[in-house]
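This report concerns only the one structure given below.
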Amino acid sequence: MNSKVKELLNQQVTNELESAYLYLEFSNFFDSRNLEGYANYYMVQAKEEIDHAMLIYDYLHKANEDVKLMVI
């Protein structure tokens, strides 16, 4: 795999996980205010971002490439 492509895919894993982290905080915010509908919406979004990250993570592993988890 081209090194630039691998670098960009690793960065995208981080981007997806960062988005999940933010959505999880949004969910936490709404949950603490008993706004379950909003909390659920953002929890679903967080899970979707984690799914995106895992698709790329699995792709890199199947391609025998290193996955570098970066700081969020």
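Here are the numbers for this structure:
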item	result
Pairs where the first residue, in segment 48-72, is of a type in the set (D, E, K, R) and at pLDDT 95 or above and the second is open to solvent by 70 Å² or more (accessible area, probe 1.4 Å) and in a helix (DSSP H, G or I), C-beta under 6 Å, 6+ apart	none
Residue tally, condition assigned to a loop (DSSP other than H, G, I, E, B) and open to solvent by 90 Å² or more (accessible area, probe 1.4 Å), over segment 59-72	6
Failed item, numbered, when N34 is tested on (1) in contact with an Asp or Glu (Cβ under 9 Å, 6 or more places away or on another chain); (2) in a loop (DSSP other than H, G, I, E, B); (3) free of Cβ contacts under 8 Å to residues at least 12 places away in the same chain; (4) not charged (D, E, K, R)	(1)
Members of segment 1-18 found to be in contact (Cβ under 8 Å) with a residue 12 or more places away in the chain, within 16 Å of I50 (Cβ to Cβ), among the polar types (S, T, N, Q) and out of contact with any Leu (no Cβ under 8 Å at 6 or more places or on another chain), listed by number	Q12
Hits in segment 1-27 - residues which are open to solvent by 70 Å² or more (accessible area, probe 1.4 Å) and within 18 Å of I72 (Cα to Cα)	E7, L8, Q11, E18, Y21, L22, L24, E25, F26
Residue tally, condition among the hydroxyl-bearing types (S, T, Y), over 18 Å from E18 (Cα atoms) and surrounded by 14 or more Cβ atoms within 10 Å (Cβ to Cβ), over segment 31-58	1
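The values are calculated or read from the model by the stated rules, or taken from the named source; none is laboratory data. Everything numeric in this text was worked out from a predicted model, so none of it was measured. Quick reminder, even Gly has a Cβ in these numbers, built from the backbone with ideal geometry, and neighbours come from all protein chains shown. In case anyone asks, the SASA skips ligands and DNA or RNA and just uses the protein heavy atoms, side chains included. Shrake-Rupley method; radii C 1.70, N 1.55, O 1.52, S 1.80 Å.
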